[in-house]
1. Where the centre of each part is set by its Cα atoms, how far does the stretch 1-44 sit from the stretch 154-225, in angstrom?
2. Sequence-distant or interchain residues sharing an amide H contact under 5 Å with GLN67, placed H: which?
3. Ignoring ligands, DNA and RNA, what percent of the 1.4 Å accessible area of the stretch 1-150 is carbon and sulfur?
4. Taking the square root of 5 times each eigenvalue of the Cα gyration tensor, what semi-axes in Å does the equivalent ellipsoid of the stretch 1-51 have, largest first?
5. So what J values fall out for the stretch 109-120 if you push phi through Karplus, 6.51 cos²θ - 1.76 cosθ + 1.60 with θ = phi - 60°, rounded to Hz, Gly and Pro as x?
6. Tell me the label-point distance for the pair GLN25, ALA185, using the 7 Å Cα-to-Cβ offset, in nm and rounded to one decimal.
7. Quick check: convex hull over the Cα atoms of the stretch 238-375, volume per residue in Å³, rounded to an integer?
8. For the stretch 55-142, what is the Kirkwood estimate of the hydrodynamic radius, computed as the reciprocal of the mean inverse distance between distinct Cα atoms, to one decimal in Å?
Amino acid sequence: DYTPCASQSPSGNSADGSLTCSVNQSGVYQLRFEVVDLALNRTQSDSQILVDLADPSSSAGPLTTYQTTKTFDVPYTASDNLSGLALVELWAKGPSDANFGLAGSIALDGELSKSGSFQFTASSDGLYQFYTRAKDKTGRYETAPSQADAQTTVDTTPPEPVTNLIATPIANGRVRLDWTKTTSADAQQYLIYRNDTSVDTLVATLTDINQTSWQEPNGLTGTFTYTIYVQDAAGNYSTKATSNTVATDATPPSFSDLSVNPTYLKANSLLTVQFTVSEELSSLVVTFSGHSLTCTNEGLQYTCTYLVTGTESEGENQIQILATDLAGNQSSINQAVVCDFTAPVISAGSPQGETSELQPIVSALISDSGGSGINPSTLLMRINGVAVSATFDPQTGRLSWQPPLNLRVGRTYYVSVWASDYAGNAALVYSFRFTIVAPPS
Ligand SMILES: [Ca+2]
Ligand SMILES: [Ca+2]
Ligand SMILES: [Ca+2]
Ligand SMILES: [Ca+2]
């Protein structure tokens, strides 16, 4: 039902004027306009009207903490409950502003809700605060908020670079960098890049801007420069500082053409070790059984010698070669040699005295201690001054010979045996004799 809300009693044949109705709720109202003449004829005219009693609402943001460009987008959201949005305004207060000022306005088309963004251009670096105000289609105008909806700091000023960046090769291919720190108070970190001929590699991010040196954690082999960028909190990069070029060496020297002569050593042997190294050395130590060899070199070729005294320990000994390159990288190799100061011993000649065998096996036992062992090429058996082709059994240590023809009955045979070990120690010559007698009949 309709409720009367306003009336007027004009006079005459026509009237102009207006009627005022009050409502206290937003909504769509049906209006019925009735005109009644003096004869009580009624004319009705219906219409409807939308009453919007609520302000629209809107908000600016969100914004990131920093902007690195003067022009950036300020997002907004806006809504209106009934009549819809007519426009939204951006209000801004910059670092040199006493108050918020209108910074932009976007016309809207009656949407009940809308989001979008303003493009804002700051006049200088500093803190910018924002709010929005919306108007609805009825002209209701959102009240300015008591505080900003969003804020951001504009920083378009890159930090100052570090200066005096110097790269210094230190031991084992490592590199130390030294620099003078940035003068920018808003610097937040240093980004250190290592550059070889083709690739820049981020090798460190330092968050202490008072730091003025840094070292490569690992050794490198190659030629490098380093660059440092300073980054501020907003993300601006300084121009780069570039170091001098450094050549580094993390590669230890290597050995080639190693020869050791002789490999079996007796007293008074001259031990000679020869080898070639891959690069210039800062030091070389060659030891044998706790003794140092004396080395000379021609370029990268070394010759080291040691005169064996015979007081070294017998058996296997290690020659150790320890080489250090100019960067301090070390490598070593070992080579075993055998010291043998003890001559073999020959014993147990057989047969001795009288034998009735006409083709006796003639033999002697040869043993060696000290480590090098019997050298078969030194073995010699002579019978009556004539060398025979005796054979040596390394299992039993026996050197033996059997005559291919019968020996002569009644004759005495004189046997001598010679032997040396691999180190060259010669056994005392061993001699014995036997006589062939007639076999018992
Ligand atoms: Ca409204
Ligand atoms: Ca800055
Ligand atoms: Ca090296
Ligand atoms: Ca020996």
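1. Each part reduced to its Cα centre gives a spacing of 84 Å.
2. It is THR153, VAL154, ASP155, by chain and number.
3. Carbon-and-sulfur percentage of accessible area, whole number: 46.
4. Working: eigenvalues 112, 30, 17 Å².
Over the Cα atoms of the stretch 1-51, the semi-axes work out to 24, 12, 9 Å.
5. Couplings: 10, x, 4, 7, 8, 7, 10, x, 8, 9, 8, 10 Hz.
6. Distance between label points: 6.1 nm.
7. Working: hull volume 20.8 nm³, N = 138.
Output value, Cα hull per residue: 151 Å³.
8. After inverting the mean inverse Cα-Cα distance, the result is 13.2 Å.
The values are calculated or read from the model by the stated rules, or taken from the named source; none is laboratory data. The structure presented is a predicted model; accordingly, all values stated were derived computationally and were not measured. Positions of Cβ are generated from backbone atoms using ideal geometry, with glycine treated the same way; all protein chains shown enter the neighbour counts. Ligands, DNA and RNA are excluded from the accessible area calculation, which covers all protein heavy atoms including side chains. Shrake-Rupley method; radii C 1.70, N 1.55, O 1.52, S 1.80 Å.
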